[in-house]
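Written out below as structure tokens is the structure these notes cover.
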Amino acid sequence: MEKNNENLSILRHSTSHIMAQAVKNLFPEAKLAIGPSIENGFYYDFDLEGHTFVDEDLQKIEDEMKKIVKQNLYFEKYEIENVEKQIQKFKDEGEIYKAELLEEHKNDNPTLYLTKDKDGNVLFDDLCSGPHVPNTSYIKAFKLLNTAGAYWRGSEKNKMLQRIYGTCFWNKEDLNKYIEFLEEAKKRDHRKLGTKLDLFSIRDEIGGGLILWHPNLACVREEIENYWRNEHHKRGYVIVNTPHIAKSKLWDISGHSDHYRENMYFIHDDEDNEFVLKPMNCPFHIMIYEANRYSYRNLPLRMAELGTVYRKERSGALSGLTRVRGFTQDDAHIFCTLEQLVDEINEIIDFVDYTLKLFNMTYEVELSTRPDNYTGILENWHKAEAGLKEALDKRGLKYEINEGDGAFYGPKIDFKLKDAIGRTWQGATIQLDFNLPERFNLKYVDKDGQMKTPVMLHRVIFGSMERFMGILIEHYEGAFPLWLAPTQIVIVPIATRHQEYGQKILMKLKNEGIRSYMDDRSESMSYKIREALQDKKTPYVIVIGDNEVETNKISIRKRKLGDIGTFEVDEFINSIKKEIKDRV
RNA sequence: GCCGGUGUAGCUCAAUGGCAGAGCAACGGUUUUGUAAACCGUAGGUUGUAGGUUCAACUCCUAUCACCGGCUCCA
């Protein structure tokens, strides 16, 4: 078998079998569930009463696996001839999960994979469609990583099993590289950098998932919001503001009271009125639409808002900035005719692509289509899905289709971003909505004088400011490019006598709106440079001493590049201004 | 919400039933520096919270909250 990337998942799957065998050797009462390969490794789920796997167990299991591998066993496919007999055998052995799986796949020509020694003795068998590596000599570089709880068949109604995650590579070198990558990724974690760079905090006294934006991160956000506003104006949007709460009646009309109730926060006043802290901005934008009469000439109407919403997420779901309870969506709703749909979708895709490229971010696209419980007219769904596909194809974007994974109110395109350790998060999304315009009875006057219902698009570019910022921090490892950097330049005077000149430079920078300060503490120059560049990740440091004061120049040190020489003050400021303007 | 882990100074971490400690940061002083950590000193704590066991609890037990890794959820 060739040791390439395609076969790597086969290797990992085989390794999960060896792990299961090892677990059965050490814990014979463990029941096997499933054990597939996954993106960066594999896992196997076990049902084991009376014992919880701990880290020491992982070491023991790993050692047992090594013993098994050394026996030089081979994998052999076995066609199940008598399925009923095999199901009974699983049941007799207590392997109820395997019995359940086989029951389901009884008509799919089910197979077992046997792990045999050279004398042909079967040491382990597992219900499995394969394929596998020929023998255990391929399994050389593996490591068990961690344990976790996981529901049988992924349903929280079922029993929670114990999952062991591991990974395997063709050789030790690749394995070590991967482990190193995991270590490095931990350093990029936005939660660690959030503390280190004084970006944000979350307090018990306030509550989980509620973010305090410290000045540094608020500064980054301000720059991004400025970009966002400008770009919206350029692209023909109107920007609005709406309240944070609304009477529950609004959410009854929108249907959120039914569909989204468990995620909503309710507020009651003294006069027995019930309000809801908004989990969405859409109904408010619809209300603004309703304030006027629109004709086909006015459409599309593109309405945007940086709208802060609150959603009651389950406690276990929260995570740093990427999954929170209060967040600001860079939300927009586009009201248009069915004919305008493809152009509008195209324009949004362009907006997303343009914006993410600005940050050098890569993304994956997913198209989710009509679910079983859809609302609206089937013909419109077909048109809409075709429209979304057309728009994606037109741009030549690669995308995956998730059949039936759309919202009940319309199909959608999602843009997925990856964090430091490769977890994907939903960023931008474009969602069609056939439902809300109907529920709120929205109308426009068409060419023929008839009242018609517009189509509505929900879309976000960043997703939420919080999540995007979390991913952005990891993307840049906290070293923001100049235009975003909270502090752009630190001036380091070598001795006290250079502070006067430093002050002059500082005033010039400040006049140009460059975020900067002079470090006039009684510390060594090296210390200040180290702190500015390494600890605070400042893009530029200006060093001034006798030479600079004498020649009326400044010495520049650039993050990562080091000392880049001396410059005329104006020359440097101009190049900095250009760099900021170009957002590089 | 579920399974498991963790919670000690602003930050990173020690202290396994017997006097809560270190480094960094902060503050005071000395030093006036030529490109990624100068030196001396000072202060900083209800060990997440609430109970319990014990002569004695950061340490053991119970509850609870938060965070971390997953699962589920994210119309």
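Considering each of A:Ile473, A:Ile491, A:Ile505 in turn, give the residue that is part of a helix (DSSP H, G or I), buried (at least 24 other Cβ atoms within 10 Å of the Cβ) and more than 9 Å from RNA strand B (Cβ to nearest atom).
After applying the criteria, what remains is A:Ile473.
Can you tell me which residue among A:Val122, A:Val133 is free of Cβ contacts under 8 Å to residues at least 40 places away in the same chain and aliphatic (A, V, I, L, M)?
Criteria check complete, one pass: A:Val122.
Considering every residue within the range A:344-365, establish whether at least one is of a type in the set (A, V, I, L, M) and within 16 Å of RNA strand B (Cβ to nearest atom).
no
Test A:Leu48 against the criterion of being of a type in the set (A, V, I, L, M, F, W, C), within 16 Å of RNA strand B (Cβ to nearest atom), modelled with pLDDT under 95 and surrounded by fewer than 21 Cβ atoms within 10 Å (Cβ to Cβ), and give yes or no.
Yes; evaluated as a whole, the condition is true for this residue.
Go through the range A:12-29 and give me each residue that's without any contact (Cβ under 8 Å) to a residue 12 or more places away in the chain and surrounded by 24 or more Cβ atoms within 10 Å (Cβ to Cβ).
none
Among the numbered criteria (1) under 23 Å from A:Lys357 (Cβ atoms); (2) in contact (Cβ under 8 Å) with a residue 24 or more places away in the chain; (3) over 11 Å from the mean Cα position of the chain (by Cα), which one does A:Gly406 miss?
(1)
Scanning for something in contact (Cβ under 8 Å) with a residue 12 or more places away in the chain and within 12 Å of RNA strand B (Cβ to nearest atom), does the range A:170-180 turn up at least one residue?
No, the range A:170-180 contains no residue that is in contact (Cβ under 8 Å) with a residue 12 or more places away in the chain and within 12 Å of RNA strand B (Cβ to nearest atom).
Check the range A:409-423 and report whether any residue there is touching a Ser or Thr at 6+ places or on another chain (Cβ under 8 Å), part of a loop (DSSP other than H, G, I, E, B), within 12 Å of RNA strand B (Cβ to nearest atom) and among the acidic types (Asp, Glu).
yes
Just checking, does the range A:316-331 include any residue being within 25 Å of A:Lys383 (Cα to Cα) and within 12 Å of RNA strand B (Cβ to nearest atom)?
The answer is yes; a qualifying residue exists.
Could you grab me the full set of residues in the range A:526-563 that are exposed (fewer than 12 other Cβ atoms within 10 Å of the Cβ), without any contact (Cβ under 8 Å) to a residue 40 or more places away in the chain and more than 7 Å from RNA strand B (Cβ to nearest atom)?
Across the range A:526-563, the qualifying residues are A:Glu550, A:Thr551, A:Asn552, A:Leu561.
The values are calculated or read from the model by the stated rules, or taken from the named source; none is laboratory data. Bear in mind the structure is a predicted one, so any value in this text is a computation, not a measurement. All Cβ positions, even for glycine, are placed from backbone atoms using ideal geometry, and neighbour counts span all protein chains on display.
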